[in-house]
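I have placed the structure first, in the form of structure tokens, so that the comments after it can refer back to it.
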Amino acid sequence: MCTGGCAKCLGGTLIPLALFGFLANILLFFPGGKVIDNNDHLSDEVWFFGGILGSGVLMIFPALVFLGLKNNDCCGCCGNESCGKRFAMFTSTIFAVIGFLGAGYSFVISAISINRGPKCLMDNSTWGYPFHEGDYLNDEGLWTKCQEPVDVVPWNLTLFSILLVVGGIQMLLCVIQVINGLLGTLCGDCQCCGCCGGDGPV
């Protein structure tokens, strides 16, 4: 597959992943699927917007750039072989790095939240974090430490797990595009062979 076609494939995959991440983060504002009375009772990690900013906004721009590479003008810059497609592929690596950092941010925030557990109303009638070092992950009996919001533990665990997986996949795809973009920069794109009268890839 040509580097431009590969980039388009990656971009098409990143778009739905970004939407999943965005939606998962939005749902975290409604613990247990319910509207909470006091925003201070939300887990701190929700306010870091890992899915909205990291896996969402910062991923949309690279994805759109990748999608546009397939139809990029092979001979840009008035047919100058030193730019055009090669420059576009090089630019895509920069956006891929930005996307990687955004996905990495979401991944780290999600991992921290899963390990810490959700903020909830505890047995002593105060709001806090009753779990320690992810102990609740292997013992569902500990989930009863959270009295409110109802079902906040599986709710947060599921959504942050989704963000973790989405972030991991996005990072992998961005790494692939960095490699793909560098190959396109150094070797050109197979669809640009003979472009503007040239004899080789541009």
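Can you work out which of the residues in region 1-50 that are among the β-branched types (V, I, T) and part of a loop (DSSP other than H, G, I, E, B) is surrounded by the fewest Cβ atoms within 10 Å (Cβ to Cβ)?
V35
Residue by residue through region 88-146, note down the ones that are touching a His at 6+ places or on another chain (Cβ under 9 Å) and of a type in the set (F, W, Y).
Of everything in region 88-146, just one residue is touching a His at 6+ places or on another chain (Cβ under 9 Å) and of a type in the set (F, W, Y), namely W127.
Please indicate, with yes or no, whether at least one residue in region 93-112 is over 29 Å from the mean Cα position of the chain (by Cα) and closer than 23 Å to F29 by Cα.
Looking through region 93-112, none of the residues is over 29 Å from the mean Cα position of the chain (by Cα) and closer than 23 Å to F29 by Cα.
Considering only residues that are of a type in the set (V, I, T) and part of a loop (DSSP other than H, G, I, E, B), which ones fall in region 120-169?
T126, V150 - these are the residues of region 120-169 that are of a type in the set (V, I, T) and part of a loop (DSSP other than H, G, I, E, B).
Pairs please, first residue from region 137-155 and touching a residue at least 24 places away in the same chain (Cβ under 8 Å) and charged (D, E, K, R), second anywhere and open to solvent by 70 Å² or more (accessible area, probe 1.4 Å) and part of a helix (DSSP H, G or I), Cβ atoms under 9 Å, 6+ apart in sequence or on different chains.
From region 137-155, no pairs qualify.
Of P149, P130, P154, which residue is under 25 Å from the mean Cα position of the chain (by Cα), more than 26 Å from I15 (Cβ to Cβ) and either of a type outside the set (F, W, Y) or surrounded by 15 or more Cβ atoms within 10 Å (Cβ to Cβ) (or both)?
Criteria check complete, one pass: P154.
Assess whether A88 counts as being outside any loop (DSSP other than H, G, I, E, B), open to solvent by less than 50 Å² (accessible area, probe 1.4 Å), at pLDDT below 85 and among the aliphatic types (A, V, I, L, M).
Yes.
The values are calculated or read from the model by the stated rules, or taken from the named source; none is laboratory data. Only a predicted model underlies this, so the values are computations on that prediction, with no experimental measurement involved. Cβ: placed from backbone, ideal geometry, glycine included. Neighbour counts: every protein chain shown. Quick note on the areas: whole protein, heavy atoms, side chains included, nothing else; ligands and nucleic acids left out. Shrake-Rupley method; radii C 1.70, N 1.55, O 1.52, S 1.80 Å.
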